[in-house]
Amino acid sequence: MIAEEVERGLRASAADMVAGGDGGLVVSVRLRPGSDGGCDDLERLLWLVDHLAPPAVDAVGGPAVLRVSPQARVVHRGGREVVLTRREFDLLWHLVAHPRRVFTRAQLLESVWGHTFTSARNVDVQVRRVRVKVGTDLSVIRTVRGVGYGLDVDLPVEVVDDPRPRAF
């Protein structure tokens with residue numbers, strides 16, 4: 001079917017781009033409406049394009065790792081939105097807003113939760129969830145043994161007003 005042919009072409013083109021091709025990909029697709037109106041093929045095609053796109057880069061040419069929009073409470077990693085709960089976003093934003101500081105669990109409970117009568121282990125749980133959602137391949141929150149947590153100093157973070165991911 002059409003989607004399989006496009007999938008093979010996109011996979012080959014994506015491999016060429018990653019291997020140092022011309023940096024661009026132009027795909028022309030014609031869908032012939034069938035009994036389902038071509039919706040299944042179109043949905044699959046959009047999924048393929050989304051998942052085969054090369055990693056996003058920022059203006060400097062390095063990987064666009066983390067973009068945080070505090071007004072919209074949105075986080076993007078490499079052009080894709082990272083869906084966080086209210087508490088997870090608050091924790092990440094607090095660490096982003098204070099990039100070179102390390103906070104104890106009690107300090108995070110006071111600053112992020114607004115109280116200290118919750119178990120300090122709740123901080124550990126939220127840190128683990130943020131790490132998993134952002135990606136375990138990326139060091140976002142560093143643990144300082146015996147002290148607490150801080151934002152990883154090597155993490156490129158961009159704070160933006162516009163929550164939309166950049167066109168790549």
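Some points to look at:
- Scanning segment 96-106 for residues that are outside any helix (DSSP H, G or I) and either open to solvent by 40 Å² or more (accessible area, probe 1.4 Å) or without any contact (Cβ under 8 Å) to a residue 40 or more places away in the chain (or both) returns His98, Pro99, Arg100, Arg101, Val102, Thr104.
- Extreme residue, most open to solvent (accessible area, probe 1.4 Å), among residues of segment 78-92 that are part of a strand (DSSP E or B) and of a type in the set (D, E, K, R): Glu81
Okay, residues lined up against (1) assigned to a strand (DSSP E or B); (2) farther than 27 Å from Asp161 by Cβ; (3) of a type in the set (D, E, K, R); (4) out of contact with any Pro (no Cβ under 9 Å at 6 or more places or on another chain):
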site: His94; (1), (2), (3), (4): no, no, no, yes
site: Leu108; (1), (2), (3), (4): no, no, no, yes
site: Thr118; (1), (2), (3), (4): no, yes, no, yes
site: Arg129; (1), (2), (3), (4): no, no, yes, yes
site: Asp137; (1), (2), (3), (4): no, yes, yes, yes
site: Thr143; (1), (2), (3), (4): yes, yes, no, yes
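- In this structure, Gly150 does not satisfy being in a loop (DSSP other than H, G, I, E, B) and farther than 14 Å from His76 by Cβ.
- Every condition in (1) part of a loop (DSSP other than H, G, I, E, B); (2) open to solvent by 80 Å² or more (accessible area, probe 1.4 Å) holds for Lys133 except the one numbered (1).
- Applying the set (1) without any contact (Cβ under 8 Å) to a residue 12 or more places away in the chain; (2) more than 13 Å from the chain's Cα centre (by Cα) to Thr136 leaves exactly one unmet item: (2).
- Selection of segment 107-130 for residues being open to solvent by 60 Å² or more (accessible area, probe 1.4 Å) and among the β-branched types (Val, Ile, Thr) yields only Thr116.
- Filtered residues of segment 107-133 (kept if touching a residue at least 24 places away in the same chain (Cβ under 8 Å) and more than 16 Å from Arg86 (Cα to Cα)): Gln107
The values are calculated or read from the model by the stated rules, or taken from the named source; none is laboratory data. As the structure is a computational prediction, the values presented were derived from the model and not from experiment. So basically every Cβ, Gly included, is an ideal-geometry build from the backbone, and we count neighbours across all protein chains shown. Note: areas computed on protein heavy atoms with side chains; ligands, DNA, RNA excluded. Shrake-Rupley method; radii C 1.70, N 1.55, O 1.52, S 1.80 Å.
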